[in-house]
Amino acid sequence: MLSKILIANRGEIAVRIIRACRDLHIQSVAIYSRADRDSMHVKMADESYEISDDPLRGYLDADLIVEAALKMGADAIHPGYGFLSENAAFARKVQEAKLIWIGPNADVITKMGDKNQARSIMQQNGIPIVPGTEPLNHLSMEKIAKIAQKIGYPVILKASAGGGGRGIRVVTQEQDLEENFNACKREAMAFFKNDDVFMEKYISNPRHIEFQILADNYGNVIHLMERDCSIQRRHQKLIEIAPSPLISEDLRRRMGATAVAAAKAVHYTNAGTVEFLLDDYNRFYFMEMNTRIQVEHGITEEITGLDLIGRQIRIASGEILDLTQNDIHTQGYAIEARINAEDVNNDFVPNPGKVTTYYPALGPFVRVDSCIYKDYVIPPFYDSMVAKLIVRASSYDLAVNKLDRALQEFTIRGVKTTIPFLRNICKDKDFRRGDFDTSFLETKIDSLISEDSKNTDDMVVAIAAAIASRCGE
């Protein structure tokens with residue numbers, strides 16, 4: 001087993017990894033920028049190391065991180081999600097420094113990080129893919145337009161090196177093609193330093209279904225069922241559900257087997273996610289493979305009883321996977337709501353600042369993964385997510401009830417958050433029925449940003465006042 005892990009990340013995922021390290025009696029090292037010196041992951045880790053006075057550079061500089069790991073005597077690096085977690089060059093530097101990389105090897109990250117190469121590999125191995133193209137950058141706009149006509153509108157333009165909802169444009173008519181193609185290239189270059197763009201047939205209003213996989217270093221691969229990530233805004237997930245409330249056992253079996261086959265096709269190791277688009281006729285298509293732990297891994301942990309971060313560490317330590325597919329059973333439904341410090345009524349603009357009151361939801365089968373606390377100042381330099389609220393219940397309907405109740409109790413003051421907006425989603429009849437796809441928020445956004453979102457809920461005020469009174473604030 002590993003003895004000391006440096007966590008090349010921040011925020012709630014760094015806190016989550018620290019807790020997994022403690023469960024396994026492994027020392028943890030937190031890196032931080034000067035702007036993050038009061039962060040919870042710095043306070044919780046066994047050791048900490050200021051990586052840079054620049055708020056971003058330290059988390060994005062592979063050389064600085066490897067140097068810190070060696071200085072602190074770590075024998076492994078866990079990249080979390082975001083930042084350099086899917087950066088093959090970083091993984092390679094870690095391995096070249098004789099440190100253990102907690103994730104798939106650099107070659108797999110390279111293959112799956114290039115969306116076009118990933119599509120090609122999947123197609124060669126019989127995995128269903130959406131009709132599409134190779135990168136189009138070398139072609140004239142006239143030829144690109146002819147390809148779009150052949151595929152049939154609407155089409156979607158994607159950055160080959162993309163991820164996280166960046167570098168994506170949907171085009172419904174030919175006169176918008178050139179403008180969107182150029183915009184997609186610019187965004188791809190800005191975020192990924194690679195402006196290669198390819199085109200796919202746009203599957204209108206699909207469900208976004210992803211399968212969690214685990215694979216050891218000895219060829220053993222299993223899946224841990226699916227998560228429904230269809231509730232998203234501008235390709236950014238807001239609510240995730242495990243398992244999907246509308247997938248049949250037969251479809252689950254077929255999609256799960258396909259996810260395992262996709263992982264085996266690239267000799268995948270460690271934890272990863274195979275993402276599919278599912279249309280109205282239950283036809284599913286490979287979309288991408290995420291070569292890291294996902295933000296929403298917690299709901300899979302809740303329904304399976306497995307610690308995914310712990311499993312990542314154990315696999316990286318060389319342990320053989322002691323589970324087979326027949327060992328994987330789920331219990332009930334789990335839902336995750338991402339709570340962001342954002343102003344919903346101002347186009348969801350981030351709203352950093354000082355947290356004056358913080359009271360996370362409690363109760364049976366309620367879990368909060370967070371990195372904030374009372375008097376913590378949320379810095380303006382990073383992602384706006386401040387907490388993940390996870391609930392579990394025996395049925396989907398009861399899970400939605402529990403989520404609504406927990407959101408009602410969850411109190412954050414000092415900054416604006418998406419909690420009232422998430423509560424409105426819980427009250428939506430289609431959401432409660434499980435009748436939604438990726439167009440859900442696009443079609444309902446105006447009604448969900450209602451007067452309830454603009455005004456503070458009386459019940460929440462009462463709860464906050466009671467807490468303040470009990471705590472002597």
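With Cα atoms defining each centre, segment 405-437 and segment 322-386 are spaced 12 Å apart in the structure.
Counting heavy atoms of the protein chains only and a 1.4 Å probe, report the per residue accessible area for the chain as a whole number of Å². Intermediate values should be presented prior to the final figure.
Values: 19690 Å² over 473 residues.
Heavy-atom SASA per residue in the chain reads 42 Å².
Quick one: divide the alpha-carbon radius of gyration of the chain by 2.2 N^0.38 Å and tell me what you get. Taking N as the residue count of the chain, the ratio is 0.96.
Rolling a 1.4 angstrom probe over segment 232-331 with all protein chains present gives an accessible area of which 46% lies on carbon and sulfur atoms.
Taking a straight Cα-Cα cut-off under 21 Å and skipping sequence neighbours fewer than 8 places away in the same chain, the lysines within cross-link reach of residue 98 are 4, 71.
Find the eigenvalues of the gyration tensor of the Cα atoms of segment 1-59, then list the square roots of 5 times those eigenvalues as equivalent ellipsoid semi-axes, largest first, in whole angstrom. Please list the in-between numbers first.
Details: eigenvalues 81, 22, 14 Å².
Whole-Å semi-axes of the equivalent ellipsoid: 20, 10, 8.
Round to a whole number: what % of the accessible area of segment 363-446 belongs to carbon and sulfur, probe 1.4 Å? Heavy-atom surface of segment 363-446 belonging to carbon and sulfur, 1.4 Å probe: 52 percent.
Is it possible to state the helix-based mean residue ellipticity at 222 nm for the chain, with each DSSP H run of 4+ residues giving -39500 (n - 2.57), the sum divided by total residues, to the nearest 500 deg cm²/dmol? What is it?
Values: 18 runs with 175 residues, N = 473.
Result for the chain: -11000 deg cm²/dmol, rounded to the nearest 500.
Would you mind calculating the relative contact order of the chain from Cα pairs under 8 angstrom and at least 6 residues apart, reporting the percent as a whole number?
On the way: 979 pairs, mean separation 62.6, N = 473.
Worked out over the chain, it gives 13 percent.
In this structure, the pairs whose alpha-carbon distance is over 19 Å, taken from 201/429; 237/264; 93/264; 374/416, are 201/429; 237/264; 93/264.
Arrange the peptides 172-180, 78-86, 327-335, 115-123 so that the one whose residues have, on average, the most other Cβ atoms within 10 Å appears first. Each step should come with its number before you reach the end.
Values: 172-180: 13.4, 78-86: 22.9, 327-335: 18.0, 115-123: 19.6.
Order by mean packing, descending: 78-86, 115-123, 327-335, 172-180.
Taking the square roots of five times each eigenvalue of the Cα gyration tensor of segment 111-182, the equivalent ellipsoid has semi-axes of 21, 14, 11 Å, listed largest first.
Across all directions, the average projected area of the convex hull around the alpha carbons of segment 298-357 is 7.6 nm².
How high is the relative contact order of segment 366-454, given as a whole-number percent (alpha carbon pairs under 8 Å, six or more residues apart)?
Values: 62 pairs, mean separation 19.5, N = 89.
The normalised contact order for segment 366-454 reaches 22 percent.
When each of the peptides 296-302, 39-45 is scored by how many other beta carbons lie within 10 Å of its residues on average, the order from highest to lowest is 296-302, 39-45.
How many percent of the accessible area of segment 41-193 is carbon or sulfur, using a 1.4 Å probe? Roughly 48 percent, rounded to a whole number.
The values are calculated or read from the model by the stated rules, or taken from the named source; none is laboratory data. Everything numeric in this text was worked out from a predicted model, so none of it was measured. For neighbour counting, all protein chains shown are included, and Cβ atoms are generated from backbone atoms with ideal geometry for every residue, glycine included. What goes into the accessible areas is simple: the full protein's heavy atoms, side chains included, and nothing from ligands, DNA or RNA. Shrake-Rupley method; radii C 1.70, N 1.55, O 1.52, S 1.80 Å.
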